[in-house]
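**Q** To start, I am sharing the structure in question, which I have written as structure tokens.
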Amino acid sequence: MGFREVGLSESEYKRITELLGREPNALELELVGVMWSEHCSYKSTRPLLRTYPSKGRYVLQGQGENAGVVDMGEGWGFAFKVESHNHPSAVAPFQGAATGVGGIIRDIIAMGARPSVSMDGLFFGDANLCKTRNLAKGIVEGIGAYGNAVGVPVVGGKTFYSPAYNDNPLVNAFSAGFVRLDKMASSQTAKPGDCAVLLGSKTGRDGIAGASFASRELDEDARASKPQIQIGDPFEEKLLIECCLELLDKNMIASMQDMGAAGILSSSSEIAHKSGCGIDIFVEKIPLREADMLSWEIFLSESQERMLLIVEKEKLAPVFATAKHYGLDCAAVGEMTEGKRYRVYRNGALEADLPTSILGSAPELSWPAEEPKDMPERRAIDLSTLASEDPAKELTTMLSCPNGRRKDAIWEQYDSMVQLHTIAGPGEPAAVVEVPKTRRACVLTMEAEPYKCWTDPYCGAAETMALALRGLWLTGADTLGMTNCLNFASPEQPDKFYELKECVRGLADSCRALDCPVVSGNVSLYNETASGRIYPTPLVVAAGLVIDREKITRSGRTKDGDYIYTVGK
Amino acid sequence: MRTAVVVFPGSNCDRDVRRAVSETLKTPVDMVWHEEREFASEPDLVILPGGFSYGDYLRSGAMAAHSPIIGAVRRHAAAGRRLLGICNGFQVLTESGLLPGALLANTSTTFICRKCWLRVEQTENRFTSGLKKGGIVQYPIAHHEGLYFLPPKELRQLEDDGRVVFRYADPVSGEAGERFAPNGALNGIAGICNEEGNVLGLMPHPERSTVAHLNGGSDGGAFWLSIARDFAERGA
Amino acid sequence: MIFHAEAVITPRMGVLDTQGKAVEKTLGQLGYDVSDVRVGRIVTMKLEADNGEAAAERVKEMCCDLLANDLIETYSISLREA
Amino acid sequence: MIFHAEAVITPRMGVLDTQGKAVEKTLGQLGYDVSDVRVGRIVTMKLEADNGEAAAERVKEMCCDLLANDLIETYSISLREA
Ligand SMILES: Nc1ncnc2c1ncn2[C@@H]1O[C@H](COP(=O)(O)OP(=O)(O)O)[C@@H](O)[C@H]1O
């Protein structure tokens, strides 16, 4: 096995041998390769993300955890995050989108919160193409099938059509949940001697190496590489939610982490690394769906609906009992240790022995950036195509184009009322939900302005941010913070990296100016195919707080004779 | 009046129902896990809530109809006490034979979540006696399999017996029928009861239009009050 | 004896098969000229029984109990020895 | 010639069969001792074609295009003349 097969560059491989003081064995190489992939390590974007303002008076937990948490008052925290599931949804629309919803929901559980609301950002190709309709149908049904069954209401979203997404649709899934501040969970609180427990589905061969899949351009081969498709089981997820929340409520969990990209490997190494300890994992104890799986397959499998719990030894028995009550598989598969080593044993044999720090320390990449040569053409709008002599006609044309049309056909397929706390749902300019058992309300807006970001990445991103916050403020809400998903093409070409860099600069500057901290986010690169690339698509979800829900300003409550004002320049 | 809400694995409207009932009626609501074999609290009203019991993987409600608690549910109904199935709960009632018929996939073959209007067709049962016969109420729906089906002869019998309690309707004209059913339900049937009137199943969610400041509306409150009043007048 | 059993469950004639109709419509849009499209379920399993008859009887019971809803579906069973 | 065609679509080996898992569990609770339960779909239809081969080819295309998702499912086709 060479380093190239696991997606590493020569210099990265050299770095690994330096850090290890020896050549890695095949399993170790697989493990490091995945953890150092763009998808897991954010190696191209970490320097950019550091420029975001992260502090704010409501921020309890910023970037670095499974999701950001802000203070809602009266003892409530609000955990939220948005994540992309673009590549899987392009290849298998229904399952890709469904597992995207499942994945982001587990991030919220990992903070100890009950997943309470979802939103989805969808970017589809030309609405008139049969291909787009099929992709959109599968994606919307997938999101609905998963979210409806798990019982998390979709309270809003964003749908945007453009030929730029013909081959590369984007699916950004947002989820959020309320958590009692004294019940918040963390992935940084494991102690030596604690047990590592796998809860939820058995590990199978699905989605093996999905992380490196997401770090590549989509090619025809993607269709051939079958095991990368993961199957979602919302029923299992619902049980996982109830089980984890019950365990947290009884203080049975010392630390926890969801299993996303690079499954057991990334969750266990992250928890060890962030908690400042080591971990020993005993492969033979991992419940498998197929008996003959190799160690690397087990570690990289992205089987869905699994959580990693860190449990104090004396609490193992009640944890097992609760899992049994919910009919979930549960197994103690490892132990936290003093030394900061990540060790894998299988039937007594030591198969991998790495410093925990190595898995989380991919060298950062700084790509060159250069303004795209065609920027002037992108900006040149041909005003002659506007038939402004007949404004009425122009208006109806605008309203009936796919981006202007109502999106009921999409959001009526989502349960927007379950959990009985949606005050304003999809179709409204801002989503509003109750903060449990209080008069407070949480306001959410999701925005993206891909076309503007294409013509002017810096201003387009700043405008996206301003738009999201304006939506909050119109309801009377105070800004809590934002989460963002950066959907871009390859960072390896200077003109494309420029767009990314400028968009992040636009978001960071506007957040600073508007006093909106960035508490979480996700990056999806390489959204391009041989035949095209997406617009630079930073998507933003802003959260706000209203102290008294009765005082919220709602849209559409007008009477004859009301005056119309415009405010601002 | 004491209420018990059965929680199946995959139920997801259990808490919503609890909130709607306890906020409206200020009476106790117990949550009962499907593995129980008895209702410890001797409830006057048992509710099978909405959701996706057992993932609804085979047929909606099919697996839940075999849950351990179902024996106790049957005994409760046989004793003439109130049993209410909402959405997935309705599907469990038909699958277990406690109500006739079956709920098939919506004609759109998609999940539909929206507000919808119903005409109250019948008020001689243990649930809607406090509502106005012929009145229109708005309860939201949220389901993928809500097309009420019964073979023609039995359907006629059901209608003749006056066991259709709610029918999808047009809020303006007050007309009701299949044309107004978002899911294609035969005769526009949204909810039915058994002969004795103590078992009711309906696809729409009254609990979602109970908390007035939420997006589901506020017609559901009267439904719970109607049950409570009927209980006060007639007992269990 | 170990058997592989297969139960095929299909909507009864006369029962609305919305899925079948939707599939037929989509196939038509894709240019396939088909009719009478019906969508059913197939459940396969392994089970032990003294003989084929006993196995078939078991599977039939499962269909009655759970796998099929007699009001709207019919089923047929096939077996082969493992 | 008119054919009755039948396409049986089942989850690929190794792919998580969520339905099968749930059904197996419930059958177990009902006292049936079964294993390897898998749930698939069966689509039946009527179509016209010059001969059996052409008909089978058509149905295969339909499976590729719509009825099955090749990434996670396999299918088999059977035909009989109407
Ligand atoms: N994919 C979606 N999921 C849920 N709600 C959506 C979705 N797309 C659009 N919506 C809702 O429809 C309304 C209009 O959406 P859209 O046209 O995307 O936004 P905008 O009004 O910002 O152009 C919004 O209220 C939004 O919440």
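**Q** Kindly indicate which of B:145, B:121, B:159, B:196 is open to solvent by 30 Å² or more (accessible area, probe 1.4 Å) and either small (Gly, Ala, Ser) or within 14 Å of another protein chain (Cβ to nearest Cβ) (or both).
**A** The match here is B:145.
**Q** Is one or more of the residues making up the stretch A:221-233 modelled with pLDDT of 90 or more, more than 14 Å from chain B (Cβ to nearest Cβ) and in contact with a helix residue (DSSP H, G or I) (Cβ under 6 Å, 6 or more places away or on another chain)?
**A** The answer is no; no qualifying residue exists.
**Q** Filter the stretch B:1-50 down to the residues that are small (Gly, Ala, Ser) and open to solvent by 10 Å² or more (accessible area, probe 1.4 Å), then identify the one that is nearest to the other protein chains (Cβ to nearest Cβ).
**A** Per the criteria, the residue is B:22.
**Q** Let me ask you something else. Taking the condition of being farther than 30 Å from residue A:280 by Cβ and assigned to a loop (DSSP other than H, G, I, E, B), how many residues in the stretch A:346-387 meet it?
**A** Total meeting the criteria: 15.
**Q** Additional query: Kindly indicate which of B:71, B:55, B:61, B:80 is more than 22 Å from residue B:155 (Cβ to Cβ) and in a loop (DSSP other than H, G, I, E, B).
**A** Matching residue, one of B:71, B:55, B:61, B:80: B:80.
**Q** Let me ask another. Contact list please: Cβ distance under 8 Å, first residue in the stretch A:154-177 and basic (Lys, Arg), second residue at pLDDT 95 or above and within 14 Å of the ligand (Cβ to nearest atom), pairs at least six apart or on different chains.
**A** That search, which allows pairs on different chains as well, returns A:158/A:119; A:158/A:120; A:158/A:121; A:158/A:122; A:158/A:446; A:158/A:447; A:158/A:448; A:158/A:539.
**Q** Continuing with the same structure: Would you say residue A:501 is within 16 Å of the ligand (Cβ to nearest atom) and either open to solvent by 20 Å² or more (accessible area, probe 1.4 Å) or touching a Cys at 6+ places or on another chain (Cβ under 7 Å) (or both)?
**A** no
**Q** Continuing with this model, one more query. Any residue at all in the stretch A:368-386 that is within 13 Å of the ligand (Cβ to nearest atom), away from chain B (no Cβ under 14 Å) and within 30 Å of residue A:135 (Cα to Cα)?
**A** No, every residue in the stretch A:368-386 fails to be within 13 Å of the ligand (Cβ to nearest atom), away from chain B (no Cβ under 14 Å) and within 30 Å of residue A:135 (Cα to Cα).
**Q** In the stretch A:176-190, is there at least one residue being within 16 Å of the ligand (Cβ to nearest atom) and either modelled with pLDDT under 95 or crowded, with 24+ Cβ neighbours inside 10 Å (or both)?
**A** The answer is yes, given that some residue of the stretch A:176-190 is within 16 Å of the ligand (Cβ to nearest atom) and either modelled with pLDDT under 95 or crowded, with 24+ Cβ neighbours inside 10 Å (or both).
**Q** If I filter the stretch A:426-443 down to residues being within 9 Å of the ligand (Cβ to nearest atom) and modelled with pLDDT of 95 or more, which single residue comes out as surrounded by the most Cβ atoms within 10 Å (Cβ to Cβ)?
**A** A:431
**Q** Further question on the same structure: Pairs needed: first member in the stretch A:411-425, over 13 Å from residue B:208 (Cβ atoms) and more than 7 Å from chain B (Cβ to nearest Cβ); second member anywhere, of a type in the set (A, V, I, L, M, F, W, C) and within 12 Å of the ligand (Cβ to nearest atom); C-beta distance under 9 Å; at least 6 residues apart or different chains.
**A** If the second residue must be of a type in the set (A, V, I, L, M, F, W, C) and within 12 Å of the ligand (Cβ to nearest atom), the pairs left are A:411/A:140; A:411/A:154; A:411/B:113.
**Q** As an exercise: evaluate residue A:172 against (1) more than 12 Å from the ligand (Cβ to nearest atom); (2) outside any helix (DSSP H, G or I) and give the number of the one condition it does not meet.
**A** (1)
**Q** Something else about it: Which strands (runs of 3 or more DSSP E) does chain D wholly contain that include 2 or more residues that are within 14 Å of chain B (Cβ to nearest Cβ) and either among the aromatic types (Phe, Trp, Tyr) or touching a Leu at 6+ places or on another chain (Cβ under 8 Å) (or both)?
**A** Where strands (runs of 3 or more DSSP E) fall fully within chain D and carry at least 2 residues being within 14 Å of chain B (Cβ to nearest Cβ) and either among the aromatic types (Phe, Trp, Tyr) or touching a Leu at 6+ places or on another chain (Cβ under 8 Å) (or both), they are D:34-48.
**Q** Ok, one more. Among the numbered conditions (1) in contact with a helix residue (DSSP H, G or I) (Cβ under 7 Å, 6 or more places away or on another chain); (2) within 13 Å of the ligand (Cβ to nearest atom), tell me where residue A:423 comes up short.
**A** Every condition holds for residue A:423 apart from (2).
**Q** So, one more: Based on what the data block shows, is residue A:535 at pLDDT 95 or above, assigned to a loop (DSSP other than H, G, I, E, B) and open to solvent by 30 Å² or more (accessible area, probe 1.4 Å)?
**A** Judged against the criteria, residue A:535 is a match.
**Q** Considering only the stretch C:35-51, how many residues are open to solvent by 20 Å² or more (accessible area, probe 1.4 Å) and either under 11 Å from residue D:45 (Cα atoms) or touching a Pro at 6+ places or on another chain (Cβ under 7 Å) (or both)?
**A** Counting residues in the stretch C:35-51 that are open to solvent by 20 Å² or more (accessible area, probe 1.4 Å) and either under 11 Å from residue D:45 (Cα atoms) or touching a Pro at 6+ places or on another chain (Cβ under 7 Å) (or both) gives 3.
**Q** Out of A:349, A:332, A:317, I need the residue that is small (Gly, Ala, Ser), within 30 Å of residue B:33 (Cα to Cα) and surrounded by fewer than 17 Cβ atoms within 10 Å (Cβ to Cβ). Which one?
**A** That would be A:317, the only listed residue that is small (Gly, Ala, Ser), within 30 Å of residue B:33 (Cα to Cα) and surrounded by fewer than 17 Cβ atoms within 10 Å (Cβ to Cβ).
**Q** Let me spell it out: the conditions are (1) buried (at least 22 other Cβ atoms within 10 Å of the Cβ); (2) more than 14 Å from every other protein chain (Cβ to nearest Cβ); (3) within 19 Å of residue A:528 (Cβ to Cβ); (4) of a type outside the set (A, V, I, L, M), and residue A:43 meets all of them except one. Which number is the exception?
**A** Residue A:43 satisfies all of (1) buried (at least 22 other Cβ atoms within 10 Å of the Cβ); (2) more than 14 Å from every other protein chain (Cβ to nearest Cβ); (3) within 19 Å of residue A:528 (Cβ to Cβ); (4) of a type outside the set (A, V, I, L, M) except (1).
**Q** Tell me whether the stretch B:184-192 contains one or more residues that are within 13 Å of another protein chain (Cβ to nearest Cβ), open to solvent by 30 Å² or more (accessible area, probe 1.4 Å) and either assigned to a loop (DSSP other than H, G, I, E, B) or of a type in the set (Ser, Thr, Tyr) (or both).
**A** no
To keep it simple, each residue is scored yes or no on (1) within 15 Å of the ligand (Cβ to nearest atom); (2) farther than 28 Å from residue C:22 by Cα; (3) assigned to a strand (DSSP E or B).
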| position | (1), (2), (3) |
| --- | --- |
| A:48 | no, yes, no |
| A:71 | no, yes, yes |
| A:88 | no, no, no |
| A:102 | no, no, no |
| A:112 | no, yes, no |
| A:121 | yes, no, yes |
| A:126 | no, no, no |
| A:135 | yes, no, no |
| A:140 | yes, no, no |
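**Q** For the stretch A:444-462, which positions are within 14 Å of the ligand (Cβ to nearest atom), open to solvent by 50 Å² or more (accessible area, probe 1.4 Å) and in contact with a helix residue (DSSP H, G or I) (Cβ under 6 Å, 6 or more places away or on another chain)?
**A** Result: A:452, single match.
Each row is one residue, and each column tells you yes or no for (1) among the hydrophobic types (A, V, I, L, M, F, W, C); (2) within 16 Å of the ligand (Cβ to nearest atom); (3) farther than 23 Å from residue A:142 by Cα; (4) surrounded by 13 or more Cβ atoms within 10 Å (Cβ to Cβ).
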site	(1), (2), (3), (4)
A:354	yes, no, yes, yes
A:360	no, no, yes, yes
A:365	yes, no, yes, yes
A:410	yes, yes, no, yes
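**Q** If a residue must be small (Gly, Ala, Ser), within 25 Å of residue A:178 (Cβ to Cβ) and more than 12 Å from the ligand (Cβ to nearest atom), how many such residues does the stretch A:142-166 contain?
**A** Of the residues in the stretch A:142-166, 3 are small (Gly, Ala, Ser), within 25 Å of residue A:178 (Cβ to Cβ) and more than 12 Å from the ligand (Cβ to nearest atom).
**Q** Which of the following residues is basic (Lys, Arg) and touching a Lys or Arg at 6+ places or on another chain (Cβ under 9 Å): B:59, B:37?
**A** Of the residues listed, the single one that is basic (Lys, Arg) and touching a Lys or Arg at 6+ places or on another chain (Cβ under 9 Å) is B:59.
**Q** Can you tell me which residues in the stretch A:387-408 are open to solvent by 40 Å² or more (accessible area, probe 1.4 Å), touching a helix residue (DSSP H, G or I) at 6+ places or on another chain (Cβ under 9 Å) and away from the ligand (no atom under 16 Å from the Cβ)?
**A** Within the stretch A:387-408, A:388 is the sole residue that qualifies.
**Q** State which residue pairs qualify: first residue under 13 Å from residue A:100 (Cβ atoms) and facing chain B (nearest Cβ under 7 Å) and inside the stretch A:137-152, second residue hydroxyl-bearing (Ser, Thr, Tyr) and within 13 Å of the ligand (Cβ to nearest atom) in any location, beta carbons under 8 Å apart, and separation of 6 or more residues or different chains.
**A** A:144/A:414
The values are calculated or read from the model by the stated rules, or taken from the named source; none is laboratory data. Values in this document were obtained by computation on a predicted structure and should not be read as measured data. All Cβ positions, even for glycine, are placed from backbone atoms using ideal geometry, and neighbour counts span all protein chains on display. Heads up: the accessible areas ignore ligands, DNA and RNA and are worked out on the full protein's heavy atoms, side chains in. Shrake-Rupley method; radii C 1.70, N 1.55, O 1.52, S 1.80 Å.
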